[in-house]
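Enquirer: Attaching a single structure in structure tokens format; questions to follow.
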Number of protein chains: 2
Amino acid sequence: MVKAHLIAVGSELFLPGHEDSNSVFLRHRLFELGIPVTGVSVVGDDETALVRVLEAVPRGANVIILTGGLGPTEDDVTKKAVARCLHKSLRYDDKVQAQLEQFFASRKRKMPENNLRQALIPVGSRVLDNAVGTAPGILLEERGCLYFLLPGPPREMEPMFEAQVVPVLRQKYGARRIVQRHFRLTGIPESAADQIAAPIYRRYADVTTTILSKPGDIQLILTAADDAGGGAASLERLSGELARVLQEYIYSPDGEPLEAVVGRLLAERRMRLVAAESCTGGLLAKRITDVPGSSAYFLGSVVCYDNALKQELAGVPAEILDRHGAVSSPTASALAAGIRRRTVADLSVAITGIAGPGGATPDKPVGLVYIGLSYADKLAVKKFQFYGDRERIRFQATQMAMELLRRVLLARPVGD
Amino acid sequence: MVKAHLIAVGSELFLPGHEDSNSVFLRHRLFELGIPVTGVSVVGDDETALVRVLEAVPRGANVIILTGGLGPTEDDVTKKAVARCLHKSLRYDDKVQAQLEQFFASRKRKMPENNLRQALIPVGSRVLDNAVGTAPGILLEERGCLYFLLPGPPREMEPMFEAQVVPVLRQKYGARRIVQRHFRLTGIPESAADQIAAPIYRRYADVTTTILSKPGDIQLILTAADDAGGGAASLERLSGELARVLQEYIYSPDGEPLEAVVGRLLAERRMRLVAAESCTGGLLAKRITDVPGSSAYFLGSVVCYDNALKQELAGVPAEILDRHGAVSSPTASALAAGIRRRTVADLSVAITGIAGPGGATPDKPVGLVYIGLSYADKLAVKKFQFYGDRERIRFQATQMAMELLRRVLLARPVGD
């Protein structure tokens with residue numbers, strides 16, 4: 001049986017706040033390819049330590065994937081350690097060197113001397129092109145074991161894995177096929193969702209159900225083998241059952257993020273959106289414009305952190321602010337109406353609330369958020385109480401603002 | 001110097017959706033205790049594989065913490081593997097057995113036969129009580145190295161770590177402390193920064209230098225032992241040398257993110273900022289308002305994705321847009337001036353550019369960004385060419401906008 005071992009290299013991986021996200025990605029993708037991971041090691045930028053780790057990889061592993069330590073600096077030791085371990089020498093690769101020079105030339109920069117190290121590769125290895133950065137990956141085969149050396153930054157590693165590692169694995173080990181369904185939900189806590197879903201998915205022994213959740217976003221991932229065992233049919237039935245009981249909360253059946261779902265609905269209807277946001281401070285606009293092509297349906301947002309901007313730029317009457325305060329239903333309403341009136345938008349959304357940690361009053365606690373919507377000839381405001389830290393509250397507020405937009409665009413009730 | 005190695009045991013850790021959260025917790029707590037973690041291994045419920053991992057722990061490690069594999073079932077192998085590795089035998093501990101019986105009696109349940117395994121402990125070890133579950137922890141000292149065997153569930157492991165591991169570590173290594181310096185830089189590529197810094201930090205063998213970088217942000221972290229060896233003094237000297245040669249690029253000597261540095265400078269000067277942003281789509285405002293209390297100095301931002309909003313809300317004259325286009329120096333200038341004129345802000349910053357992947361023209365490539373600044377009686381525009389995908393270009397644009405603000409606030413030249 002094919003087994004994989006992952007080695008993440010980099011001293012930064014031991015610092016608080018830094019995670020070895022590459023292993024999470026690789027574990028997940030290798031699972032999908034039917035190649036179980038049987039060990040993960042994290043090691044600093046230390047050649048001797050890395051050699052020890054390489055020597056300790058279980059003998060059963062026939063795919064070893066190293067990430068990180070391919071950069072241009074002195075402490076990038078992956079190639080040296082692997083070469084030492086496999087008794088290979090390193091040589092300069094002309095083609096890689098030419099690519100490096102071209103990379104810098106295209107940016108009109110002189111290549112620093114130390115970048116040349118990136119052209120050093122172990123004798124007998126194959127170069128894996130890096131479509132994104134300067135560090136090429138490396139593939140070495142030794143005694144029936146494939147060694148893949150991939151760059152550390154996920155945005156370089158992930159495309160290289162997909163384009164250059166997966167085909168090799170498929171060719172050599174004929175990876176199994178799996179089927180997946182990736183539901184995304186909002187507006188329901190994880191425990192409530194699981195209470196509804198668990199009695200159903202537990203009846204399907206041939207489907208693996210994984211729940212990933214954070215406040216405001218739940219992902220329900222169903223996986224089954226696509227072979228003669230009937231896993232694919234089970235997955236279809238389970239998906240149908242779950243979709244029925246959780247329908248109200250599912251915004252995507254295929255893993256699409258909410259900003260992309262809302263964007264698609266707007267584009268399909270040729271409708272244009274504008275926003276006014278206070279406590280979320282631009283996060284709503286940022287998320288909506290994370291989607292390439294969003295300029296087709298998103299006019300913009302007034303981030304009116306200060307009350308004067310709520311008046312001057314979003315047209316909120318001063319007496320509403322004076323009488324009800326910035327965090328109130330009338331202000332949310334006036335923001336949504338005001339920003340829509342000032343633009344050619346077909347609908348608008350407004351957020352005002354208290355993200356914390358400061359700013360709470362006895363009757364307006366941290367996490368209190370009002371979301372206003374103006375669409376067709378309607379004006380609606382909904383009040384929410386979110387929990388968590390500043391980041392969580394801001395995320396949940398933008399999530400719920402987009403969920404309300406989704407319901408409006410689907411002509412569903414926006415809720416009680 | 002005390003160094004720790006973490007080993008997480010459990011085949012479930014390789015399933016998608018399961019994370020080795022114990023290592024994240026332990027890494028963080030050990031860092032706070034001044035004990036750097038130099039390696040992490042994740043291994044399945046496999047005695048032979050665990051023995052190999054134990055044998056490969058770097059010789060420098062003198063604290064080894066294993067989590068998981070202490071349960072009552074056949075596949076809980078941690079104690080057996082550690083005993084085998086250290087040539088110890090296992091014996092039944094009467095006190096643990098009595099506690100187990102009492103645990104089940106208090107729940108009016110008969111103790112399953114296999115729970116007795118949990119009373120097996122390596123000869124010469126000390127039992128660590130489990131306040132929450134049935135699996136006791138174990139402490140073994142062997143050739144100057146402490147082995148802690150802790151249960152896998154975080155709700156059992158974490159209190160055991162705090163109550164029974166921390167006091168032992170403090171007592172044994174209490175005097176050891178580390179000192180750190182955390183520089184953050186922008187406006188220079190990683191390879192160029194390393195070319196300047198490496199010849200200097202390489203001369204300091206007693207200081208560990210780690211470089212973390214992404215386009216637009218470099219972190220340079222220096223760590224040394226704070227003991228009689230003089231590491232702290234070395235770190236001071238190295239810090240001074242690096243600060244001199246990299247001064248132009250260092251925005252923080254203590255790890256503070258750029259948005260917090262700029263926020264502090266604004267607050268100290270009692271100045272208020274407003275922004276107008278196009279291609280960054282709210283990311284600038286989002287980052288500035290990530291900082292709690294930012295309402296004291298940040299009025300808001302007009303996210304004018306659409307040209308009509310640039311005119312109506314940020315006061316850009318139509319003829320400028322017609323003549324020069326949205327991505328141009330005159331537009332950046334008019335945005336900065338316009339948004340400042342419409343508010344009581346003391347200074348303003350504007351960003352317009354092409355984040356990609358679409359939107360480029362022959363003379364305006366993806367990554368072209370203009371940043372405008374209006375302050376005192378001055379109006380400045382700078383042109384940048386960033387590289388990378390949409391997310392990177394947007395991040396670099398906001399990073400450079402804040403760096404320009406920082407220079408203005410420090411009365412430094414904004415650059416050529």
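The values are calculated or read from the model by the stated rules, or taken from the named source; none is laboratory data. All values reported here derive from a predicted model rather than from experimental measurement. FYI the Cβ positions are ideal-geometry reconstructions off the backbone, even for glycines, and counts take in every protein chain you see.
Enquirer: Quick one: which residue in A:Gly174, A:Gly187, A:Gly255 is touching a Phe, Trp or Tyr at 6+ places or on another chain (Cβ under 6 Å) and farther than 30 Å from A:Thr73 by Cα?
Expert: When all the criteria are applied, what remains is A:Gly187.
Enquirer: Taking the stretch A:143-160 as the region of interest, how many residues are outside any strand (DSSP E or B) and either within 14 Å of another protein chain (Cβ to nearest Cβ) or touching a residue at least 12 places away in the same chain (Cβ under 8 Å) (or both)?
Expert: 11
Enquirer: What residue, among those in the stretch A:199-248 that are within 14 Å of another protein chain (Cβ to nearest Cβ), among the aliphatic types (A, V, I, L, M) and in a strand (DSSP E or B), is farthest from A:Val179 (Cα to Cα)?
Expert: Top of the filtered list is A:Ile218.
Enquirer: If A:Lys80 meets every condition in (1) of a type outside the set (S, T, N, Q); (2) within 13 Å of chain B (Cβ to nearest Cβ); (3) not in a loop (DSSP other than H, G, I, E, B) apart from one, which number is that one?
Expert: (2)
Enquirer: Is it the case, given these coordinates, that B:Arg341 is more than 25 Å from A:Val366 (Cβ to Cβ) and touching a helix residue (DSSP H, G or I) at 6+ places or on another chain (Cβ under 8 Å)?
Expert: In short, no.
Enquirer: Take the residues of the stretch B:259-276 that are surrounded by fewer than 24 Cβ atoms within 10 Å (Cβ to Cβ) and closer than 17 Å to B:Gln399 by Cα: which is nearest to the other protein chains (Cβ to nearest Cβ)?
Expert: B:Glu259
Enquirer: Of B:Ser234, B:Ser278, which residue is at pLDDT 95 or above and under 30 Å from B:Ala334 (Cα atoms)?
Expert: Exactly one of B:Ser234, B:Ser278 is at pLDDT 95 or above and under 30 Å from B:Ala334 (Cα atoms), namely B:Ser278.
Enquirer: Residues of the stretch B:171-194 being over 18 Å from B:Tyr251 (Cβ atoms) and part of a loop (DSSP other than H, G, I, E, B), which ones?
Expert: If the condition is that a residue be over 18 Å from B:Tyr251 (Cβ atoms) and part of a loop (DSSP other than H, G, I, E, B), then B:Gly174, B:Ala175, B:Arg176, B:Arg177 are the ones that fit.
Enquirer: Hey, A:Leu140 hits all of (1) surrounded by fewer than 18 Cβ atoms within 10 Å (Cβ to Cβ); (2) at pLDDT 90 or above but one; which does it fall short on?
Expert: For A:Leu140, the exception is condition (1).
Enquirer: When both residues are 6+ apart or on different chains and their Cβ atoms are under 7 Å apart, which pairs have a first residue that lies in the stretch A:18-41 and is at the interface with chain B (Cβ under 7 Å from one of its Cβ atoms), and a second that is charged (D, E, K, R) and in a helix (DSSP H, G or I)?
Expert: A:Val37/A:Arg27
Enquirer: Here is a list of conditions, (1) at pLDDT below 95; (2) over 30 Å from B:Ala296 (Cβ atoms); (3) more than 25 Å from the chain's Cα centre (by Cα), and A:Tyr305 meets all of them except one; can you say which number that is?
Expert: With respect to (1) at pLDDT below 95; (2) over 30 Å from B:Ala296 (Cβ atoms); (3) more than 25 Å from the chain's Cα centre (by Cα), A:Tyr305 is out only on (2).
Enquirer: Still on this model: Got a sec? Which of A:Leu265, A:Leu321, A:Leu309, A:Leu299 is of a type in the set (A, V, I, L, M, F, W, C) and within 24 Å of A:Gln219 (Cβ to Cβ)?
Expert: The conditions single out A:Leu265.
Enquirer: State whether one or more residues within the stretch A:49-64 are polar (S, T, N, Q), closer than 21 Å to A:Gln118 by Cα and more than 27 Å from the chain's Cα centre (by Cα).
Expert: no
Enquirer: Mind checking which residues of the stretch A:388-402 are within 12 Å of chain B (Cβ to nearest Cβ) and in a helix (DSSP H, G or I)?
Expert: Correct list: A:Arg390, A:Glu391, A:Ile393, A:Arg394, A:Phe395, A:Thr398.
Enquirer: Collect the residues in the stretch A:107-139 that are closer than 19 Å to A:Lys80 by Cα and in contact with a Gly (Cβ under 7 Å, 6 or more places away or on another chain), keeping them in residue-number order.
Expert: The answer is A:Leu128, A:Ala135.
Enquirer: Where residues in the stretch A:8-17 are touching a residue at least 60 places away in the same chain (Cβ under 8 Å) and not in a helix (DSSP H, G or I), which of them is surrounded by the fewest Cβ atoms within 10 Å (Cβ to Cβ)?
Expert: So the residue we want is A:Ala8.
Enquirer: I need the full set of residues from the stretch B:298-312 which are more than 7 Å from every other protein chain (Cβ to nearest Cβ) and surrounded by 24 or more Cβ atoms within 10 Å (Cβ to Cβ), in order please.
Expert: If the condition is that a residue be more than 7 Å from every other protein chain (Cβ to nearest Cβ) and surrounded by 24 or more Cβ atoms within 10 Å (Cβ to Cβ), then B:Lys310 is the only one that fits.
Enquirer: Another question about this same structure. Going through the stretch A:121-137 one residue at a time, which ones are modelled with pLDDT of 90 or more and either among the hydrophobic types (A, V, I, L, M, F, W, C) or not assigned by TED's automatic domain parsing to the domain that holds A:Val166 (or both)?
Expert: A:Ile121, A:Val123, A:Val127, A:Leu128
Enquirer: Scan the stretch B:287-297 residue by residue and report those that are surrounded by fewer than 24 Cβ atoms within 10 Å (Cβ to Cβ) and at the interface with chain A (Cβ under 7 Å from one of its Cβ atoms).
Expert: B:Pro292, B:Gly293, B:Ser295
Enquirer: In the stretch A:213-233, what residues are surrounded by 14 or more Cβ atoms within 10 Å (Cβ to Cβ) and closer than 30 Å to A:Gln385 by Cβ?
Expert: Correct list: A:Ser213, A:Pro215, A:Gly216, A:Asp217, A:Ile218, A:Gln219, A:Leu220, A:Ile221.
Enquirer: Also, quick follow-up: Name the residue, out of A:Gly315, A:Gly353, A:Gly367, A:Gly372, that is small (Gly, Ala, Ser) and within 12 Å of chain B (Cβ to nearest Cβ).
Expert: A:Gly315
Enquirer: In this structure, is B:Tyr251 more than 14 Å from chain A (Cβ to nearest Cβ), of a type outside the set (Val, Ile, Thr), touching a residue at least 12 places away in the same chain (Cβ under 8 Å) and in contact with a helix residue (DSSP H, G or I) (Cβ under 9 Å, 6 or more places away or on another chain)?
Expert: yes
Enquirer: While we're on this one: So which residues in the stretch A:212-255 are over 18 Å from the mean Cα position of the chain (by Cα) and at positive phi, if there are any at all?
Expert: A:Gly230
Enquirer: Considering every residue within the stretch B:277-286, establish whether at least one is surrounded by 18 or more Cβ atoms within 10 Å (Cβ to Cβ) and on the phi > 0 side of the Ramachandran plot.
Expert: Within the stretch B:277-286, one or more residues are surrounded by 18 or more Cβ atoms within 10 Å (Cβ to Cβ) and on the phi > 0 side of the Ramachandran plot.
Enquirer: If you don't mind, there's one more thing I want to ask. So, of the residues in the stretch A:42-52 that are within 7 Å of chain B (Cβ to nearest Cβ) and closer than 24 Å to A:Val2 by Cβ, which turns out to be surrounded by the most Cβ atoms within 10 Å (Cβ to Cβ)?
Expert: A:Val43
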